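So the structure is just underneath, and the comments pick up after that.
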Amino acid sequence: MIPRQAALSNTLRHFSSSARACVHISHIGKTPIPIPPNVTITQSQTSLQVKGPLGSTSVPLESYMKLAYPQENVLTIAVEDAEVKKQRSMWGLTRTLINNAVVGMTEGFTVPIYLVGVGYRAALEDDPRGTTNGGNGQRLNMKLGHSHNVYVPIPAHIKADVPSPTKITLFCTDKHLLGLFAARIRKWRPPEPYKGKGVFIGNEQIRIKSVKKK
């Protein structure tokens, strides 16, 4: 018969008390950012100024962000302590904001909007209110199945084009502001899942539901 202490010792697991190396890395944050030759970057203690052919913008920087240029026209971002959750989360976010600023000041961002539905159409016309309230003097006149037309003034930082009655093309140097205005248009007639009608942004798709029959 095996003694009780011997049986217990056989069932115990052995754990190592040595410290285990734990390194957190942001896969997005560590990706280098290519800087085109026509873009000028100026760094201060609290922000990063990006100037290009389409204008200039600034990206806020936290004190623990470390920027370096390992190669010509290549920017890398790091943080003081990647083990800190706040720094690790801001690492990837800051890299994305800087990359969007570089692309926005050189190429800009474009998003198409599609009007899907019988009688749905849009037209670009002059805004009677002009440039008041931050507009650029134009507005969208849309028919979206309501009993009235929908008028949406276009902000000064947005350029809009209507190549066809059912397609709207928006252009902006700021990706965030472009998305906000596109969502504002979509809000007037969000896509519905039964007939597939509504305002669609880009490659947006919805799952069509079957009508419940009694």
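The set of residues in segment 171-185 being under 19 Å from LEU144 (Cα atoms) and open to solvent by 70 Å² or more (accessible area, probe 1.4 Å) consists of ARG184 alone. Regarding segment 106-116, can at least one residue be identified that is surrounded by 13 or more Cβ atoms within 10 Å (Cβ to Cβ), over 20 Å from the mean Cα position of the chain (by Cα) and under 23 Å from LYS187 (Cβ atoms)? Yes. Among the residues making up segment 26-69, those that are open to solvent by 90 Å² or more (accessible area, probe 1.4 Å), over 19 Å from ASP174 (Cα atoms) and either in contact with a strand residue (DSSP E or B) (Cβ under 8 Å, 6 or more places away or on another chain) or of a type outside the set (Gly, Ala, Ser) (or both) are HIS27, ILE28, LYS30, PRO37, GLN43, GLN45, THR46, LYS66, TYR69.
Among the conditions (1) open to solvent by 60 Å² or more (accessible area, probe 1.4 Å); (2) farther than 17 Å from ARG186 by Cα; (3) part of a strand (DSSP E or B); (4) not polar (S, T, N, Q), the only one that GLY137 does not satisfy is (1). Every condition in (1) open to solvent by 40 Å² or more (accessible area, probe 1.4 Å); (2) in contact with a helix residue (DSSP H, G or I) (Cβ under 7 Å, 6 or more places away or on another chain); (3) modelled with pLDDT under 90 holds for ALA82 except the one numbered (1). Among the criteria (1) in contact with a Cys (Cβ under 7 Å, 6 or more places away or on another chain); (2) not in a loop (DSSP other than H, G, I, E, B), the one PHE200 does not fulfil is (1).
The values are calculated or read from the model by the stated rules, or taken from the named source; none is laboratory data. Being a predicted model, the structure only gives us computed values, none of them experimental. Note that each Cβ is placed from the backbone with ideal geometry, even for glycine, and that neighbours are counted across all protein chains shown. Areas reflect the complete protein model, heavy atoms only, side chains present, ligands, DNA and RNA absent. Shrake-Rupley method; radii C 1.70, N 1.55, O 1.52, S 1.80 Å.
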